[in-house]
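The structure appears below as structure tokens.
The values are calculated or read from the model by the stated rules, or taken from the named source; none is laboratory data. Owing to the predicted nature of the structure, the values given are computational and were not obtained by experimental measurement. All Cβ positions, even for glycine, are placed from backbone atoms using ideal geometry, and neighbour counts span all protein chains on display.
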Amino acid sequence: MTAPVLAQTNRPRRPLLGIAYLIAAIVMFGVLEAVVKYLSQRYPIGQLIWARFFFHLVLVLPFAIRAGLVRSLATARPGLQIFRSLLQLLATGGMFIALRHVPLAEAVSIVYLAPLIVTALSAPLLGEKIDARKWLAVVAGFAGVLVIMRPGLGVLHWAASAALVTAFAYALFQILTRRLGGSETTITTALYTPVVGTVVASLIAPFDWTGADLEGWMLMAGLGVFSGFGHVLVIKAFQHEEASKLAPVNYVHIAWSVVIGIVVFDTVPDLWTVTGALAIVASGLVVIARRRPAPR
């Protein structure tokens, strides 16, 4: 077995606090996705990606200036910070494309294959122990995604595959968040993501831009607010608990997306989607469950 890519965090674990932070982030991200789905019918995806990162930067920048901008940008791992930020940009682009064409519950269910990918990658990258039971759960989770997508049947829009890209990118993003949590400050990690995202998106968005009214600008600014606060909450969560332990908590997002889809967009998941989502959730519960010690 190869050594972990980076050193483990040496901060004390506080599991309940980590779970609370992650659930709060999920609420933020659910509202963000609903706004994206609404706006994507009126504005280009590149413009929405730019707005998500630009207004995120506007939100974070005052805190960075207060803490000292130069000090906030100082990092012992610039390469990892930039790579992590690019993964977030890739995950965002894939999710925005999926949300434009795919019902909310289906898109989120596919994306939340990510926690199972985190579980699979936490062994080689974080040095965490993954037993055979958890590996079987990972396989079952992938099967659940296949049930939702039904490849070859032409049921789900091609953009559903963009959600798969998001799942893999977000899994690696979470792994690096956990790694950086032990040596980087929250403000440094929170600052790099919108800086890198804004720079890259600013090079792309002008080629496909639509003028926005007041409502559009307010909602696009909301993308930055929800993503910014959610991003900080994710960072805090992974500073307090192992990635493989927190991963299944992400499945709360599936239930939250179903509620939003029904209430806001009047879309009810079909039986195949429910079956696949339940398989993913069940796999997550297997991953999080601890074996009881054998009786004496």
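Let's see how each residue does on (1) over 25 Å from G79 (Cα atoms); (2) among the basic types (K, R); (3) assigned to a helix (DSSP H, G or I):
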site: L172; (1), (2), (3): no, no, yes
site: E184; (1), (2), (3): no, no, no
site: I187; (1), (2), (3): no, no, yes
site: P194; (1), (2), (3): no, no, yes
site: G216; (1), (2), (3): yes, no, yes
site: L219; (1), (2), (3): yes, no, yes
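Checking A107 against (1) at pLDDT below 85; (2) not in a loop (DSSP other than H, G, I, E, B), which test does it fail?
Status for A107: all satisfied but (1).
Pull up the range 221-278, narrow it to residues that are of a type outside the set (D, E) and outside any helix (DSSP H, G or I), then point me to the one that is nearest to R13 (Cα to Cα).
H240
Taking the criterion of being under 23 Å from A160 (Cβ atoms) and in contact with a Pro (Cβ under 9 Å, 6 or more places away or on another chain), would at least one residue in the range 23-36 satisfy it?
Checked the range 23-36: no residue is under 23 Å from A160 (Cβ atoms) and in contact with a Pro (Cβ under 9 Å, 6 or more places away or on another chain).
Look through F238, F142 and report the one residue that is modelled with pLDDT under 85, surrounded by fewer than 21 Cβ atoms within 10 Å (Cβ to Cβ), over 24 Å from S40 (Cα atoms) and in contact with a helix residue (DSSP H, G or I) (Cβ under 9 Å, 6 or more places away or on another chain).
F142
From L125, L69, L61, L89, grab the single residue that is more than 18 Å from I280 (Cα to Cα), hydrophobic (A, V, I, L, M, F, W, C) and at pLDDT 90 or above.
None of the other options fit; the residue is L89.
Show the residue pairs that are 6+ apart or on different chains and have beta-carbon atoms under 9 Å apart, the first residue being within the range 206-230 and touching a residue at least 40 places away in the same chain (Cβ under 8 Å), the second being loosely packed, with under 11 Cβ neighbours inside 10 Å.
So the pair list comes out as G216/T210.
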